[in-house]
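Heads up, the thing below is written out as structure tokens.
The values are calculated or read from the model by the stated rules, or taken from the named source; none is laboratory data. Everything numeric here is computed off the predicted structure, so don't read it as measured data. Please note: Cβ atoms are built from the backbone with ideal geometry, for glycine as well, and neighbour counts cover all protein chains shown. In case anyone asks, the SASA skips ligands and DNA or RNA and just uses the protein heavy atoms, side chains included. Shrake-Rupley method; radii C 1.70, N 1.55, O 1.52, S 1.80 Å.
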Amino acid sequence: ALSMFGTTVGLYGIPWCKKSLLLTVLMSVIGASMGILDTGGNVLALNTWGAEAGPHMQALHFSFAVGAFVAPILAKMALGGSESKDLLPVAEKTNQSVLRSVPAASAASAASALKHHLGADFLWSYVVIGTYLLLVSFFFFILYSKGSSARDKSKASLQKCMFAKYHYALIILLFVFFFCYVGAEVTYGSYIFTYAKVFADMKENEAAALNSVFWGAFAACRGVAIFCAACLYPGTMILLSIIGSAASSSCLAFFARYPASLWVGTAVYGASMATIFPSGISWIEQYTVVQGKSASLFVIGAALGEMCIPAVVGYLQGRFHHVPVVMYTALVTSAMTVMLFPLMYKLANSPGESDLKEMSESEDRKALLSNSGLNEDEEDEEDAGEWNEADFEVIEMNDTLRNSVIETSRKIPGDSPAKVSLQPHLDNVLRDSPVVAGGSPGRKNVNVDREKND
């Protein structure tokens, strides 16, 4: 909300500036406010939707792509209206005739009239955009005043998260990744018009159409990415994007002299560059905590790439007129992103201290369980052996008792009372003998049958 309000103040003040120093200050305020907006917007999206922030992050950056595509068209319509077209030839004719017959005061008055007309258009443009941002800022202030519980929940969720093992290394590598990506994106979008006119010998309207193809494919692919993010992982989207950018930049660097390759390569390059930035932020959030400081480093890397790489390309293109520096820059930056992403992926998936501790605990637990299982099996085998020995002892005792009874019964002729009295006792002994699992019940039945036969 504060960043949008600061942008509003800068936009309201720019049309009234009469000094270059004051204009520089107001432009700096707008730049700082937009930097805060980029940082806060990405972090706010991550804190609000968490693991489901992929489609919302794509929608957030899709709005930027739409603005980048539509704003120049609206500016051209506002500044290139019918009245301006009618006034500019009159001013040119007036300036040409000033040297011959018209006093200098008339020329100054005509120039001041032209400046006044254009200044009025600029004034209303800044006022309309500033008012729109002021309304958006007001709505953000309302959300902030009612969002205390949501902020508490986001803080609690952040406390539960864990930092990656190579957290700072990942932040630095992603800083360099965004530096290359955003620098290449802005460089190509800024210089493709000039390249088409100088190297491809295109007309001005064809070069403008080629520039529109790049930004149109960029915006359209970001719109499609909103739906793709619901079914694809951020890492998969980044991989597809860097492969597409590497292939298209290679085609542009070596085959851009062919018109078909230039048109197709520009469209594919714009589509491939569309999803890298939002997908990169969603991807890193899966492995480590992304707070304000981390997101500010991402935005700083992107802003430095946007500032430095186009300046270097412009300087080199001025020194080497016959070398397509723009296309070679796109190829080099694409190669850098192709090399950086596997390295970041390897660092992000390396196990941290907590994961190693959990793995060691699980291994110890498995070892203890396996040892206890072996001990239980050994104890069961020992118990079974003891019970089998007891079973054999009982059987031997029963055989001895039976033999003694048989000998006694042989000595007593007929159905003597001794046989009658000893038979129940023998039955009771045999009936009370223990039968253990693992012993053979068939052996007991055979002994009983032998007693009955005897």
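Does residue 190 satisfy the criteria of being among the hydroxyl-bearing types (Ser, Thr, Tyr) and open to solvent by less than 30 Å² (accessible area, probe 1.4 Å)? Break it down into steps so the answer makes sense when it comes.
Numbers: among the hydroxyl-bearing types (Ser, Thr, Tyr): yes; open to solvent by less than 30 Å² (accessible area, probe 1.4 Å): no.
In short, no.
Can you tell me which of 198, 186, 136 is of a type in the set (Val, Ile, Thr), in the same structural domain as residue 285 (by the TED database) and at pLDDT 90 or above? Full working, then the answer.
Numbers: 198 fails: at pLDDT 90 or above; 136 fails: in the same structural domain as residue 285 (by the TED database).
Criteria check complete, one pass: 186.
One line per residue, one yes/no per condition, for (1) of a type in the set (Phe, Trp, Tyr); (2) crowded, with 17+ Cβ neighbours inside 10 Å; (3) more than 21 Å from residue 220 (Cα to Cα); (4) over 14 Å from the mean Cα position of the chain (by Cα):
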| position | (1), (2), (3), (4) |
| --- | --- |
| 259 | no, no, yes, yes |
| 264 | no, no, no, yes |
| 268 | no, yes, no, yes |
| 276 | no, yes, no, no |
| 279 | no, yes, no, no |
| 283 | yes, yes, yes, no |
| 290 | no, yes, yes, no |
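What's the total number of residues in region 231-284 that are at pLDDT below 90 and of a type in the set (Phe, Trp, Tyr)?
Total meeting the criteria: 5.
So is residue 70 of a type in the set (Val, Ile, Thr) and at pLDDT below 80 or not? Walk me through it before giving the result.
On the way: of a type in the set (Val, Ile, Thr): yes; at pLDDT below 80: yes.
Yes; evaluated as a whole, the condition is true for this residue.
Identify all residues within region 192-226 that are of a type in the set (Lys, Arg) and within 15 Å of residue 267 (Cα to Cα); write none if there are none. It would help to see each step written out before you state the result.
The first filter runs over region 192-226 and keeps only residues of a type in the set (Lys, Arg), leaving 197, 203, 222.
Within region 192-226, 222 is the sole residue that qualifies.
With the checklist (1) among the hydroxyl-bearing types (Ser, Thr, Tyr); (2) in a helix (DSSP H, G or I); (3) surrounded by 16 or more Cβ atoms within 10 Å (Cβ to Cβ) in hand, flag the one item residue 315 doesn't pass.
Answer for residue 315: the failing condition is (3).
Pick from 225, 247, 220: which is within 22 Å of the chain's Cα centre (by Cα), open to solvent by 50 Å² or more (accessible area, probe 1.4 Å) and either among the aliphatic types (A, V, I, L, M) or not assigned by the TED database to the domain that holds residue 325 (or both)?
Values: 225 fails: open to solvent by 50 Å² or more (accessible area, probe 1.4 Å); 247 fails: within 22 Å of the chain's Cα centre (by Cα).
Just a single option satisfies the conditions, and that option is 220.
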